[in-house]
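Reading through the structure tokens given below for one structure.
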């Protein structure tokens, strides 16, 4: 059973450890602690909660791209400052009042505590924390690769190839990301093809089994009906012997070992066919 430490699970979900422990007490998250080890929860419970919270956040924030831009403006308020180009070619802030307001606002990691909780629920802790790292730290590095590695190491959602993540991270993915997404998409298609083939094989096997059951039931029903018919004929002949000849004549001719209604057997012809073939020995005719 896979387990995740409570501290890591709380970070992935954007909760406090106290809040997560409260969920453990209510049964929404199952305790997976082992003797002598730190408190832990079931990994599948954490994954389920991640997807539930993402769905709830997507309903509250239907425009994911606009919400991602809002989150980035909260983390880096100075990026929204209006700039003007001076006569000497230098850039300056167009609105000093706006500059004073922005300069007093928290930024970077300090702004994470002021974020709407839907940010972590919708985009994942790894991507949100990566967006809070200053631009200077990314010279020669890819923030998409860093966010993906963080999500794989600590759990939670990995950044996807979407306009919302581009707006949140403030940059385009590198070629390695595009290659990885292409490989993952190919792997998903192959897995889907294998799944569809397995489902088709199972359906065909079930149809064959059903047809076999129906055939056996029909065969058994026919055999039982034939036995009942024979028993009824015997009973009728016992009660009214005068009908025995009629019922015997009306009964279907029994065929076995080459016997035919005309009287031919496997080895001999009936008188009528013997006159046609000039012999009553069927083996002579076959030779």
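The values are calculated or read from the model by the stated rules, or taken from the named source; none is laboratory data. Bear in mind the structure is a predicted one, so any value in this text is a computation, not a measurement. Note that we place each Cβ from the backbone using ideal geometry, even for glycine, and neighbour counts take in every protein chain shown.
So the values come out like this:
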quantity	calculated
Any chance residue 85 is farther than 26 Å from residue 30 by Cβ, surrounded by fewer than 12 Cβ atoms within 10 Å (Cβ to Cβ) and either modelled with pLDDT under 90 or touching a helix residue (DSSP H, G or I) at 6+ places or on another chain (Cβ under 7 Å) (or both)	yes
Residue 124 surrounded by 18 or more Cβ atoms within 10 Å (Cβ to Cβ) and at pLDDT 80 or above	yes
Selection from segment 238-275 of residues that are assigned to a helix (DSSP H, G or I) and at pLDDT 75 or above	238, 271, 272, 273, 274, 275
Qualifying residue in segment 33-42 (condition: out of contact with any helix residue (DSSP H, G or I) (no Cβ under 7 Å at 6 or more places or on another chain), under 30 Å from residue 165 (Cβ atoms) and surrounded by 12 or more Cβ atoms within 10 Å (Cβ to Cβ))	yes
Conditions (1) under 19 Å from residue 54 (Cα atoms); (2) assigned to a helix (DSSP H, G or I); number of the one not met by residue 158	(2)
